Amino acid sequence: MIRNKLREKINEQQNVYEALRAGDAGQVCYREFQNGEWGTDDANYTNRLRLAYYLLYNRIDDERTVVYLFQEELKDRETNSFQGIGSTLRILTWLLGKYNGGHSYDHLLERAKNANFDCACGYDAEDPVEEDFENNDLLDCIYISQELDYKDVMGLLVDAWKKETEDAAGWNRSNRSTLIRFNTCLGRHMENEKLYQQQLKETMEAGSGKVRDLISGYRDLIRCYLDMGDYGKAAGYCRTVLETTDYGQIRGIRLFGDILEECCEVVTHDPGGNLELWKRIKEELENKPRSGWYGNLYTKGIAAAKAAEDPYAERIEQEYRNWRKDFLC
């Protein structure tokens, strides 16, 4: 059974577990680092999650290990810039509950509840966790593989799910979107090209008049080409959007800002080949009210203007500085 590939991968954590029992916590202890723009993070978060799943599905009775991992996870929840709750805390909470009959660990559960804003709003020490691996279906296993960053296993499971879908209900907009997300995680951008094209084709054929859906379809396809490094096709679809849509309908849609961002990326990569595109989006940017600007649009607009050697870059930079000043205040 293909799902057992995940079970086998999780069971590889036996070596990590044995090392921890022997006193080596290097792979699962809290290890703070600065993760670029994301801020404070924990280098061992995924390792700790993998071990938590190992303990859960193998029903290992080890109070000391569970308590240690729970305490390490609390350090992450309390300091992580992203905050969040996460599966690790949920699983370890479920395991810790097995040893809390005498309320010995109430203080740890209370600390988890107060770890950050997300925990205060959404953490519940009574939330149940499925501990029987066999109750996971194929999709469950794909999501778990993704969470554990087991890309090799995830790829096998996704391929099995694709065949299962084709043999059953076939493809529709919903499950096609799911496959796109899986492919994006796996870096299968070339496969996504056809999927995005099909999504856009269906939107156009539906003739529903929903401009938002149409712009969303174009945005996703352009992003796919940018991720593939195919700036020529991305530029072509950028021009198509600008030439065929009604600006009166789309200017007020937030998604149009995404289109402008993508156009800026195209110009930044190849300003010489996209001067006409730059002229069009520059006009849009100049007429865009300040209230409609945001961080990414500023930075990508500045990069495009500089690439095109347009003095407009200085104006955007000044406006960006003013925006950041007001935003930070």
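Can you find, within the range 34-71, the residue that is nearest to Glu134 (Cα to Cα) among those that are among the charged types (D, E, K, R) and over 24 Å from the mean Cα position of the chain (by Cα)?
Taking the range 34-71 as the starting set, the residues that turn out to be among the charged types (D, E, K, R) are 37, 41-42, 48, 50, 59, 61-64.
With over 24 Å from the mean Cα position of the chain (by Cα) added as a condition, the list becomes 59, 61-64.
Numbers: Arg59: 13, Asp61: 19, Asp62: 22, Glu63: 24, Arg64: 27 Å.
Here the answer is Arg59.
Need the failing condition index for Ile222 against (1) closer than 26 Å to Arg254 by Cβ; (2) open to solvent by 80 Å² or more (accessible area, probe 1.4 Å), just the number.
Failed condition: (2).
Within the range 177-219, take every residue that is over 19 Å from the mean Cα position of the chain (by Cα) and in contact (Cβ under 8 Å) with a residue 40 or more places away in the chain and give me the one that is surrounded by the most Cβ atoms within 10 Å (Cβ to Cβ).
The residue in question is Tyr218.
Would you mind finding the one in Gly229, Gly252 that is open to solvent by less than 70 Å² (accessible area, probe 1.4 Å), free of Cβ contacts under 8 Å to residues at least 24 places away in the same chain and not hydroxyl-bearing (Ser, Thr, Tyr)?
On the way: Gly252 fails: open to solvent by less than 70 Å² (accessible area, probe 1.4 Å).
Every option except Gly229 fails the conditions.
Give all pairs with beta carbons closer than 8 Å in which a residue from the range 285-308 that is under 14 Å from Glu262 (Cβ atoms) meets a residue that is among the aromatic types (Phe, Trp, Tyr) and open to solvent by 30 Å² or more (accessible area, probe 1.4 Å); count only pairs at least 6 apart in sequence or on separate chains.
Between residues of the range 285-308 that are under 14 Å from Glu262 (Cβ atoms) and residues that are among the aromatic types (Phe, Trp, Tyr) and open to solvent by 30 Å² or more (accessible area, probe 1.4 Å), the close pairs are Thr299/Tyr320.
Can you pull out the residues in the range 104-126 that are under 20 Å from Glu72 (Cα atoms), open to solvent by 40 Å² or more (accessible area, probe 1.4 Å) and of a type outside the set (A, V, I, L, M)?
Correct list: Ser104, Asp106, His107, Glu110, Arg111, Lys113, Asn114, Phe117, Asp118, Asp124.
The values are calculated or read from the model by the stated rules, or taken from the named source; none is laboratory data. Not measured: the values here are computed from a predicted model. FYI the Cβ positions are ideal-geometry reconstructions off the backbone, even for glycines, and counts take in every protein chain you see. For accessibility, only protein heavy atoms count, side chains too; no ligands or nucleic acids. Shrake-Rupley method; radii C 1.70, N 1.55, O 1.52, S 1.80 Å.
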